[in-house]
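What follows draws every value from the coordinates through simple rules; no lab data is involved. If you're wondering where the values come from, they're calculated on a predicted model, not measured in any experiment. Quick reminder, even Gly has a Cβ in these numbers, built from the backbone with ideal geometry, and neighbours come from all protein chains shown.
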Amino acid sequence: MRPGLVALRLALVLLCARAVAATVDATVLTSAGRPVEDAAVVVEPVAGVAPKGQRTVTIEQRDREFIPYVSIVETGTMVEFPNRDAFKHHIYSFSSPKIFEIKLYAGKPVLPVLFDKPGEVALGCNIHDWMEAYVLVVNTPYFARTDATGHAVLRNVPAGSYRLRVWHPRQVGEWTLRDIEIRPGAAPTKLALVADIHARVVKLKPPVDSDKY
Amino acid sequence: MILRTLQRRIVVVFVGLLLLVMGLIVGLVSGSNQRMVASETARELAVGTRIFQRLVEQNQRQLETAATVLSGDFAFREAIATQDRPTVHSVIRNHGLRIGAQVMMVISTDGQVIADTQQQLTVPRSFQFEDLLTNAQASGKSSGFRQMKDGYLYQLVLVPILAPKLIAWVGMGFQVDDQWANGLSEVIGLTVSVVRRQGAEVSVLASSLDAAKQTVLAGALQDAPGGDSWELAIGADHFQTVQLPLGQDVSVVLQRSLEQAQAPYQRLQNVLLVVILGGVLLFAGGSVMLARRIVRPLDELSVSARRIESGDYSQPMPAMPRDEIGQLALSFDHMRERVASREEKILRLAYEDTLTGLANRTRFLEALGQRLNHGSGAVAILNIDRFASINNALGNGVGDQLLIEIGTLLGQITPAPTLLARLWGDEFAFLLCGAGKEEALAFTRSVLAILNRPVTLDGQRLDIGGSLGVALYPQDANDVTELLRGADQAMALAKRRHTGFAFASGSGGQPVHEQLSLVGEMREALARQEFVLHYQPKLDMVTGKIVGAEALLRWQHPVRGLVSPIHFIPFAEQTGFIREITPWVLERVIAQAAQWRRDGLELVVSANLSALDMLSPNLVTQVRDWLELHQLAPASLCLEITESALMDEPELALSHLTELFQLGVKLSIDDYGVGQASLGYVKTLPVHELKIDQSFVTAVAGSPKNAAIVRSTILLSHELGLTVTAEGAETPADLSWLAQNGCDVAQGYGIARPMPAEALPGWIAMTEKCL
């Protein structure tokens, strides 16, 4: 389709969508029935470019951990990395969607980082080997992260055809994309998803002792 | 036989025992050593193995840690993450140098080798050690010993590159070579060899052994039994071997040198052997010395014993140390002295007369025997006169004292004889070596001089005298027995004739051997009827008739002819053979007398009786029996007995005489005047007649003294109621004198010589015609 036409259609859909926003209620469990936390449930419209939602996401460093562990951002989002700890963190990423490194000192504000390419970005701290965070950069604003129960709710999803994608940083193998239809209506579209993940490799985190570290 | 001498026995036993004990010790030590070596080797192997494993583990951990640190390096991670091949290559090379890893590899998460310091990668290939990768994926890291394509052995370490999650693996290879093996070997004390088995082939990749040994080891391991541990020989050395797996087909062979393990024990054993050898030698030497020390005194003792055995008591024992053998030697010495003194005592007793202390008969004979063939000399035998009567009268005690006193006196004679001895009873003997007749004579006189002095004993004065018989050698005889016999006979002669002494040459005795044979011959003669009786008629001086005959024994010797009784009767009397002759004579005489009676001859036949016959218990019985047997009136038999014959045992003789008297037999005292009977004794005898000895009768007519004796004897006899017969009337003058002086009967050569029985009747007939 021609871009102009596409844009028009999208606007129409959006108009319609605003008027007919649906909720997707997804639950992700492992094949053993355990809830999968921190899974990204993303729906990408099949056709058309999803409207951009400008947001600023924060991934803070607190207690020598990245919080949150998994973040899902739309392409073009600025991500802030406030250092809430008393010492320096040296964040880095070698993932091709965003290769960067920031040395962050306590209390010193730093410019946020723009994530402008879709993909999976793994973040680490050079000083604290166990610090891990993942940013899934997607081209759609319609995504949610499962909680401890494996439950994620996508709101205000306009009806239409979407490509569903479930992603976890520790996923076992490639999870297939699947097309779904979202119908307008008050009733949320329930999705029961099964996905297996690797166990989290717990790296040694020494206790906080101001003398020792 | 090696154990013959005590000395050798001691040494052999001692040394043998020591060797046995030492052998046992050596055996025990050796066995114990072997066990200890074995257990120590096992322990060392076990310990060495554990240490090896721990060291390798630590080594591994170190490498892993180093690798982990390396893999955490930000710049390294950054370089790897860029996937820029040259960058990756250079960074791994650089960091490889930093860490000392000879090989560095980057392996993707799906097992593809992205970069390798060993070779340029044009085409990615998969990591050759899949198992390492699998292990790393499972455990987070892995390591192992691997032989890589270049043929070398590496200790490989695979660690993840986390940024923050696994982006790739980095593999680091640290070369394992002989140096590594040596280093470990020095620590654990075992030889370390890393080997790889590919099928049937075994190759040694790294070892602390030298190249030659490695080859041998490779070959030996091909047929290795495996299992816990086994002994493996490499050349001349032996190793207790253990094989541990290090990886897939790589294993490490740890070996303990047995020679090394045994070395200290071997040294100990050698020292022990040397000590034992030295000890044995020392001991042998010591025991030889000891044995000699023990045996030498024993040898000396046995030499001394042999000396004593051969009769030499003079040498004392050699000086001995004061131990048990010394004690023995001392006792031995005492024994020697005692034996010597006892022998001396025995000799003394053997040669000494206990009563007088003089030499005894044995000694005298021995001395004489020794001297006989060396030069000349004289032997004198002394008989003490009247000793028997003194003994009888005063008792044996006094007799003994007397002998002692005589011995002392004799001992005082000078010049002293070579030897003075008491032969027996009251006989003494003197040996005068080198003395001739003159000296012997002088000596004899000295002896008699001493003896003629009275001896006082217990207040008793005793008159004694002596008779000496002297024999000279070699003149009279050159033989001990002969010489003594000669001296003895001379002594007897001296005694009989009261001359005091006599020389042997004067007596003429028969040779001894002749005499000895005579006894046997007499016995035979009796059996062979060689004895004959001749009869000498007795003439009655008053009637001029032949009234009787004396039976005289003659011997018809086949060789010597007619032997006169003087040559055998005394001998027969001495030997007691007379007791066999006399009965024969008596019987013949009685028979003959009976015969004559029957023939009309009325003769009183006389037979002689000796002293022994008088004492014979059978005498009277026999006479009685024969008289009865031959029917002869007892009065027809006359028995003539000399005075001396009654002297031996006067009482017994007297009783027999009395019995004969009572029997009715006529009894005469023969040889009256030359015997020893006293008149007092004669008067008690139940006899009918006295026969005056011929020594008085022969030539009585011309000898006033003899005539006086005969005359008085005739008177005496008549006064006592006895008849008188004179013996030895040889001349008619004698006969007429006898007739004139009242002699009843005469007998002698002047009347007739003795004649055989057959001749007598004829002669009587003829004579009576003449008278």
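The convex hull built on the alpha-carbon positions of segment B:646-686 has an orientation-averaged projected area of 2.8 nm².
Within segment B:554-599, list the trypsin sites (Lys or Arg not before Pro) lying in a DSSP loop whose Cβ has at most 14 other Cβ atoms in a 10 Å radius. For trypsin sites (Lys or Arg not before Pro) across segment B:554-599 that sit outside H, G, I, E and B with at most 14 neighbouring Cβ atoms in 10 Å, the list reads B:ARG560.
Cross-link pairs exceeding 31 Å between alpha carbons, from the set B:LYS345/B:LYS495; A:LYS108/A:LYS203; B:LYS437/B:LYS705; A:LYS205/B:LYS149: B:LYS345/B:LYS495; B:LYS437/B:LYS705; A:LYS205/B:LYS149.
With contributions of -39500 (n - 2.57) from each DSSP H run of at least four residues, the per-residue ellipticity at 222 nm computed over the protein assembly as shown stands at -14000 deg cm²/dmol.
Dividing the Cα radius of gyration of segment A:70-213 by its Kirkwood radius returns 1.02 for Rg/Rh. The slack in the chain from B:ALA388 to B:GLN595, taken as 0.36 nm per residue of separation less the alpha-carbon distance, amounts to 70.0 nm. Projecting label points 7 angstrom from Cα along Cα→Cβ for B:ARG85 and A:THR23 puts them 5.5 nm apart.
Here the relative contact order of segment B:666-718, from alpha carbon pairs under 8 Å that lie six or more residues apart, stands at 34 percent. Counting charges near B:PRO160 (Lys, Arg +1; Asp, Glu -1) among other residues having Cβ under 13 Å from its Cβ returns a value of +2. Residue ranges B:264-270, A:98-104 sort as A:98-104, B:264-270 when ordered by packing (mean number of other C-beta atoms within 10 Å per residue, highest first). From the alpha carbon centroid of segment B:235-300 to that of segment B:535-570 is 120 Å. Counting Cβ atoms of other protein chains within 10 Å of each Cβ in A:195-204 and taking the mean gives 1.
Counting Cβ atoms of other protein chains within 10 Å of each residue's Cβ and taking the mean over peptide A:142-153 gives 0.
Placing a label point 7 Å from the Cα of B:ALA38 along the Cα-to-Cβ line, the residues of segment B:228-252 whose backbone N sits under 16 Å from it are B:228-232, B:239-241. Local charge for A:ASP196 was computed over the other residues whose Cβ lies under 13 Å away, with Lys and Arg +1 and Asp and Glu -1, and equals +1. Computed from backbone phi with θ = phi - 60° and the Karplus coefficients 6.51, -1.76 and 1.60, the 3J(HN,Hα) list for segment B:340-349 is 4, 5, 5, 4, 4, 5, 4, 4, 4, 4 Hz; x is used for glycine and proline.
Using 1/(1 + (r/R0)^6) with R0 = 56 angstrom and r between the beta carbons of B:GLU343 and B:THR731, what's the FRET efficiency to the nearest 0.05? The calculated FRET efficiency here is 0.20. Placing a label point 7 Å from the Cα of A:LEU111 along the Cα-to-Cβ direction, the residues of segment A:59-82 whose backbone N falls under 15 Å of that point are A:78-81. What Kirkwood hydrodynamic radius, in Å, does segment B:647-719 give when the mean of 1/r is taken over all pairs of distinct Cα atoms and then inverted? Hydrodynamic radius (Kirkwood, Cα pairs) of segment B:647-719 is 13.3 Å. Taking only the C-alpha atoms of chain B, Rg followed by Dmax gives 70.4, 212 Å.
Put simply, when B:521-533, B:381-393 are sorted by average Cβ atoms within 10 angstrom per residue, most first, you get B:381-393, B:521-533. Across all directions, the average flat footprint of the convex hull enclosing the Cα atoms of segment B:122-207 is 7.8 nm². Provide the FRET efficiency to the nearest 0.05 for the B:LEU290-B:SER30 pair, computing r from the beta carbons and using R0 = 45 Å. Calculated value: 0.90.
Backbone N atoms of segment B:682-725 closer than 11 Å to the 7 Å Cα→Cβ label point of B:LEU654 belong to residues B:682-686. For the pair B:GLU719 and B:GLU259, label points projected 7 Å from Cα toward Cβ lie 14.8 nm apart. Against chain B, whose longest principal axis comes from its Cα atoms, helix B:578-599 is set at around 30 degrees. Legend: mean number of C-beta atoms from other chains within 10 angstrom of residue C-beta atoms, peptide B:160-168, equals 5. Given a Förster distance of 30 angstrom, what is the FRET efficiency for B:ARG461 paired with B:MET647, based on the Cβ-Cβ distance and rounded to 0.05? Efficiency at R0 = 30 Å is approximately 0.75.
With N the number of residues in segment B:192-281, Rg(Cα) / (2.2 N^0.38 Å) evaluates to 1.44.
Summed over all non-identical Cα pairs, the Kirkwood treatment of the protein assembly as shown gives a radius of 46.5 Å.
Compared with the direct C-alpha span, the chain from B:SER695 to B:GLN740 gains 14.3 nm at full extension, assuming 0.36 nm per residue.
Over all pairs of different C-alpha atoms in segment B:117-275, the reciprocal of the mean inverse distance, the Kirkwood hydrodynamic radius, equals 18.0 Å. Across chain B, C-alpha contacts under 8 Å between residues 6 or more apart give a mean separation that, scaled by the residue count, equals a relative contact order of 6 percent. Taken over segment B:256-367, the alpha-carbon convex hull comes to 129 cubic angstrom per residue.
With a cut-off of 14 Å between beta carbons, the residues surrounding B:LEU45 carry a summed charge of -1, where Lys and Arg count +1 and Asp and Glu -1. Just round it to a whole percent: the fraction of Cα-Cα distances in segment B:545-656 exceeding 19 Å. It works out to 48 percent of all Cα pairs. Taking the Cα centroid of segment B:419-461 and of segment B:572-600, what is the distance between the two, rounded to the nearest whole Å? What the calculation gives is 44 Å, centre to centre. Label-to-label distance, A:LYS190 versus B:ALA633, with points set 7 angstrom from Cα along the beta-carbon direction: 20.8 nm.
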